[in-house]
Amino acid sequence: MALRRSPHDAERRRRAIGIVKRGLAQAEEKYLVEPDATLGTWFARVAETVAVAARVVLERLEEGRRPEEAEVAGEQLGLFADICAEAIRATSQVWSESPSSQAREEIVQLISDSPRTLTGPSWVGALGSLAQCVAALEPLANGLRDGDLPMAEPTDCDRVAEALLEVAIHALQAIDALC
């Protein structure tokens with residue numbers, strides 16, 4: 001169930017989108033896109049980022065840390081921004097004829113308009129977002145079992161983009177809750 005937006009919520013969403021855009025710019029600088037990267041490569045990049053975030057969240061839980069602590073919240077923002085950035089970059093590979101910064105901006109706008117579902121920082125919310133990211137990736141994992149396909153090969157691009165976009169939305173919701 002989506003929550004009604006207040007002016008405070010709109011400001012939080014703007015801050016969350018700013019964090020995503022910074023994460024996306026950093027990812028573009030640090031992790032160059034290989035033109036012949038396969039769907040499996042992009043899937044692995046997104047899935048690995050989700051796995052790293054899950055490991056860190058579980059470590060913080062085991063340490064008894066609270067998501068409201070400044071250091072922990074900053075770390076969580078970075079982790080979820082990384083997930084969102086990699087999902088946006090992967091989505092842009094199948095979004096249009098050729099990946100571009102314009103395609104990435106369209107994707108950012110689309111996720112920006114997604115409903116807000118989390119109300120504040122919590123481990124339950126973070127774990128829920130991670131679980132939703134994993135669930136969104138599951139159909140792609142099933143499709144990759146038969147072979148790793150080049151991104152340009154005929155495949156159900158809409159389904160691939162939808163799954164990756166869903167990952168970006170869930171990561172953005174976690175960022176939004178932390179802001």
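A short reminder: the numbers here are calculations on the coordinates, not readings from a lab. Keep in mind it's a predicted model, so treat the numbers as computed, not measured. Note that each Cβ is placed from the backbone with ideal geometry, even for glycine, and that neighbours are counted across all protein chains shown.
For the chain, with only Lys/Arg (+1) and Asp/Glu (-1) charged at the beta-carbon, what is the dipole magnitude about the Cα centre, in debye rounded to 20?
Dipole size: approximately 740 debye.
Roughly speaking, what is the stretch gain from ARG66 to THR41, that is 0.36 nm per residue apart minus the C-alpha to C-alpha distance, in nm to one decimal?
Separation in residues times 0.36 nm, less the Cα-Cα distance, equals 5.6 nm.
Could you point to the label whose value was computed as volume of the Cα convex hull per residue in Å³ for the structure here, given (i) 176; (ii) 149; (iii) 110?
Computing volume of the Cα convex hull per residue in Å³ and matching it to (i) 176; (ii) 149; (iii) 110 gives (iii).
Neighbour counts of other C-beta atoms within 10 Å: give me ILE111, ILE17 arranged from fewest to most.
The most exposed by this proxy come first: ILE17, ILE111.
For ASP176, what is the net charge nearby, where nearby means another residue's Cβ is under 9 Å from its Cβ and Lys, Arg count +1, Asp, Glu -1?
+3
Extending each Cα 7 Å along its Cβ direction at GLU138 and HIS8, get the distance between those two points in nm, one decimal.
3.5
Once whole DSSP H runs in the chain are found, which of them have Cα atoms spread over 20 Å or more along the helix axis and a mean Kyte-Doolittle score of at least 1.0?
Helix filter hits for the chain: 123-144.
Where does each of LEU178, LEU118 land when they are ranked from fewest to most other beta-carbon atoms within 10 angstrom?
LEU118, LEU178
Toward the positive end of the charge dipole of the chain, about the Cα centre and with charges on Cβ (Lys, Arg +1; Asp, Glu -1), which of ALA27, ALA10, ILE83 goes farthest?
ALA10
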